[in-house]
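Derivation of every value follows stated rules applied to the coordinates shown; laboratory data play no part. Every value quoted in this text rests on a predicted model; they were computed, and no experiment measured them. Using ideal geometry, Cβ is built from the backbone for each residue, glycine included, and neighbour counts are taken over all protein chains shown.
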Amino acid sequence: MRSLSEAQLTDLAAEIRAKLIDVTSINGGHLGPNLGVVELTMALHLVFDTPKDRFVFDTSHQGYVHKLLTGRNGGDFDKIRKSGGLSGFLARSESPHDAFGAGHAGTALSAALGMAAARDQLGTDEHVVAFCGDAAFTCGITMEALNNVASATKRLVIILNDNEWSIAKNVGAISKYLNELITNPLYNRLHHDFGTFLQKVPGGEQLLKIGKNAEKGWKSIMVPSSIFETYGVRYFGPIDGHDLPLLTHNLEFARDADEPVILHVVTKKGKGYRPAIEKPESFHGTSPFEIESGKSKTTKAIVPPNYQDVFGHALVRFAKADKTVVGITGAMPSGTGLIHLSNEVPKQFYDVGIAEEHAVLFAAGLATRGIKPVVAIYSTFLQRAFDQIIHDVCLQNLPVVFCMDRAGLSPNDGPTHHGLFDIAYSRCVPNAVAMQPKDEDELVDMMHTALQLKCPTFIRYPRGAGTGVEIKSEPRALKLGQAEVLREGDDLVIWALGPMIQDAFEISDRLKLEDGLSAGIVNARFIKPMDTELLRSHAKENRLIVTLEDGVLSGGFGSAVLETLSEDEITTPVHRIGWPDQFIDHGSDISALRASGGLSLEDMLSGIRKKLKTPSVAV
């Protein structure tokens, strides 16, 4: 790339954008963020030399261009986010050019600072670049890292990629502050070329000789100092993020600086593709689409409503009926379904930005005053607030409702986004109630129930379309800890959660047809407290208890069943079906991942038959 002329580099940028649009139109993916960083990523590779120099991408969803420029422009990129293709994020296992893997926001600056400190300890000379989006600075982790930069290293390059968006429009004081930096011409002029300015002022040349401290002092008198410089990081910007020669020049300066430097780069999310510019939220992470129109290829006419919209519409109903009900999300109003609350009852809606820890603590504060907060955060992202869940909500037994979308698999996104751990991390905390609905109607019932309880409540549900059942006009309260028998059985009983109930019916039907076995089915509903009375009864009357859950087996629902029976010294065998003790990769769809993880229908049947020691009978 360094051998290309400026005109050829411009052509290359256009080719990269065309490639991104072509591939994501087929596979889906993070199109908008990557279209916005084409020139910036090219400039990084022109100035620095990976893998010796280390790039740490925040969240790393904007790493597609980096992948294309580091030897991954082939069939594996064409299958990105699919089985056998590249990950949609960066992963250390995928390439030596990927210095740090990620999938959650706010991690880049801390990790990069650690690498820079390690370089200083080891006496090596590589450069470290933290590539952060503006939304990352709403994360507490990023601000904690910024507080430590000047004391931990003398050489670090920080890129602030400012496009005014995370997934939704950025919110809060940091976003407002960055916008003021961009739009204040006096600030830009003085901060960008302060030396030239002083040379024109009487006595200015003498001031320049005094040194940097005097320069910073005079800047703060003339204009408000950059918040970054108060942290001991030299600020430069704003810089046009699509001007490749200008980017290269500024990056060369930052590379050779003898102090930590932050370059404030302004980019256009979705640049080069009109639909992505017009609908940045839709094209942040998109499903397959028609290139010409930008319209989704997914047919929605016959698909039942998805769980997130069922949740969102139900919360609007509850909020309109009760002004103490509020919804809280972390930069994901559309993804969680809270966009409906934002549109219809905006005074009862809060978007706190990418700040899950704050979201949970904020909810705890609301709950102390009789407000009923509903915190809608993806299962995988709620992990980030585990301490607040224990220390601030559950310890004080505050009635906060956690609605966890994406519980189970998020196939194309992979291990950073699978919601496989929430059963284990919710059932181990005192005072908490945890449940999972079998369908959309039961989700609304569970929301209604949770808002009446005086304790922390977790409701988990999967990504995507529901089962298509009709939702009652009025929800009903569920009896705490009561399961639902869906099919009676004489030989074994399958206790299942959520979407795994559909698998339970298939297993039961196959066992009846092929093995002559009568398998009952229970909609467990409650993970905690469990219906122990019904469980004990089934264990005494059947040869086997089978548990089905879309989560890790370690500490999961099946473990709770084992613990309950063990405490009562009931020796009925329990066969647990769930995800093994390993991180699950990305894949084309749920079926492909289940097949690779031993959770296909045939695998589940085989495991049950082995436990029963009953061979299949040929029909």
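Evaluated with a Cβ-only charge set (Lys, Arg +1; Asp, Glu -1), the chain carries a dipole of roughly 720 debye about its Cα centre, given to the nearest 20.
Dividing the summed -39500 (n - 2.57) terms of all DSSP H runs of n ≥ 4 by the residue count of the chain sets its mean residue ellipticity at 222 nm at -12000 deg cm²/dmol. Which of Val325, Gln582, Thr571 sits farthest toward the positive end of the charge dipole of the chain, with +1 on the Cβ of Lys and Arg and -1 on the Cβ of Asp and Glu? Selected residue: Val325.
Counting neighbouring Cβ atoms within 10 Å and putting the fewest first, the residues Leu244, Leu497, Leu4 line up as Leu4, Leu244, Leu497. Full extension of the chain between Asn431 and Val303 gives 42.3 nm of extra length, using 0.36 nm per residue less the Cα-Cα distance.
Just subtract the alpha-carbon distance of Ala18 and Asp125 from 0.36 nm times their residue separation and send over the number in nm, one decimal. Please report the intermediate quantities before stating the final value.
On the way: separation 107, 0.36 × 107 = 38.52 nm, distance 3.64 nm.
That pair, Ala18 and Asp125, stretches by 34.9 nm at full extension.
At an R0 of 22 angstrom, the distance between the Cβ atoms of Ser5 and Asp243 translates into a FRET efficiency of 0.85.
Scaled against the 2.2 N^0.38 Å expected of a compact globular protein of N residues, the Cα radius of gyration of segment 307-460 reads 0.93. Toward the positive end of the charge dipole of segment 39-155, with +1 on the Cβ of Lys and Arg and -1 on the Cβ of Asp and Glu, the farthest Cα among Val47, Gly123, Tyr64 is that of Tyr64.
In the set [x] 84, 65, 48; [y] 78, 69, 54; [z] 95, 55, 51, the label that goes with Cα extents along the principal axes in Å computed for this structure is [z].
The simple spin-label model puts a point 7 Å past each Cα toward its Cβ; for Arg536 and Glu344 those points are separated by 4.4 nm. For segment 484-612, the equivalent ellipsoid built from the Cα gyration tensor has semi-axes of 22, 18, 13 Å, listed from largest to smallest. Charging the Cβ of each Asp and Glu at -1 and of each Lys and Arg at +1, and nothing else, the dipole of segment 484-612 about its Cα centre rounds to 120 debye. Put simply, the amide H of Thr153, placed in the peptide plane, has no neighbours under 5 Å, leaving out anything fewer than 5 places away on its chain.
Using Cα pairs under 8 angstrom and six or more residues apart, how large is the relative contact order of segment 351-471, in percent? Relative contact order comes out at 27 percent. For Val433, the residues 5 or more places off, or on other chains, whose built amide H falls under 5 Å of its own are Thr457, Phe458. Relative contact order for segment 484-612: what percent, with Cα pairs under 8 Å and sequence separation of 6 or more? Relative contact order, segment 484-612: 24 percent. Against the chain, whose longest principal axis comes from its Cα atoms, helix 140-152 is set at around 40 degrees.
Normalised by the number of residues in the chain, what is the relative contact order in percent for Cα pairs under 8 Å and 6+ residues apart? Provide the component values of the computation, followed by the final result.
Working: 1239 pairs, mean separation 69.6, N = 619.
Contact order relative to length: 11 percent.
Here segment 42-65 is scanned for amide nitrogen atoms under 14 Å from the site 7 Å beyond the Cα of Ala118 along Cα-to-Cβ, giving 52-57.
The phi torsions of segment 541-546, fed into the Karplus equation with coefficients 6.51, -1.76 and 1.60 and a -60° offset, translate into couplings of 9, 10, 6, 7, 10, 10 Hz, rounded to whole numbers, with Gly and Pro shown as x.
Secondary structure note: in segment 330-474, about 10% of the DSSP beta bridges are antiparallel. Once backbone amide H atoms are built at 1.01 Å from N, Leu553 has Trp579 as its partners under 5 Å, excluding neighbours fewer than 5 places away on the same chain. Checked against a 28 Å cut-off, the cross-linked pairs Lys479/Lys611; Lys347/Lys438; Lys82/Lys472; Lys82/Lys297 give Cα-Cα distances beyond that limit for Lys479/Lys611; Lys347/Lys438; Lys82/Lys472. Ranking Ser296, Val429, Val316 by Cα position along the charge dipole of the chain, where only Lys, Arg, Asp and Glu carry charges on their C-beta atoms, puts Val316 farthest toward the positive end.
As a test, work out the antiparallel percent of DSSP beta bridges whose residues both lie in segment 484-612, rounded to the nearest 5. Don't skip to the answer; put the middle values down first.
Details: 3 of 18 bridges.
Counting only bridges with both partners in segment 484-612, antiparallel ones make up about 15 percent.
Counted over the chain, the DSSP beta bridges are approximately 15% antiparallel.
Taking label points 7 Å from Cα along the Cα-to-Cβ direction, Leu562 and Asp258 give a separation of 6.1 nm.
At a Förster distance of 60 Å, what's the computed FRET efficiency of Glu602 paired with Ala150, Cβ-Cβ distance as r, to 0.05? Working shown, then result.
Details: r = 59 Å, r/R0 = 0.98.
Efficiency for this residue pair is about 0.55.
In this simple spin-label approximation, Arg274 and Thr230 carry label points 7 Å from Cα along the Cα→Cβ vector, and these lie 4.5 nm apart.
Compute the FRET efficiency between Arg487 and Ser287 as 1/(1 + (r/R0)^6), taking r as their Cβ-Cβ distance and R0 = 45 Å, and round to the nearest 0.05. Mind showing how you got there, number by number?
Details: r = 35 Å, r/R0 = 0.78.
FRET efficiency, Arg487 to Ser287: 0.80.
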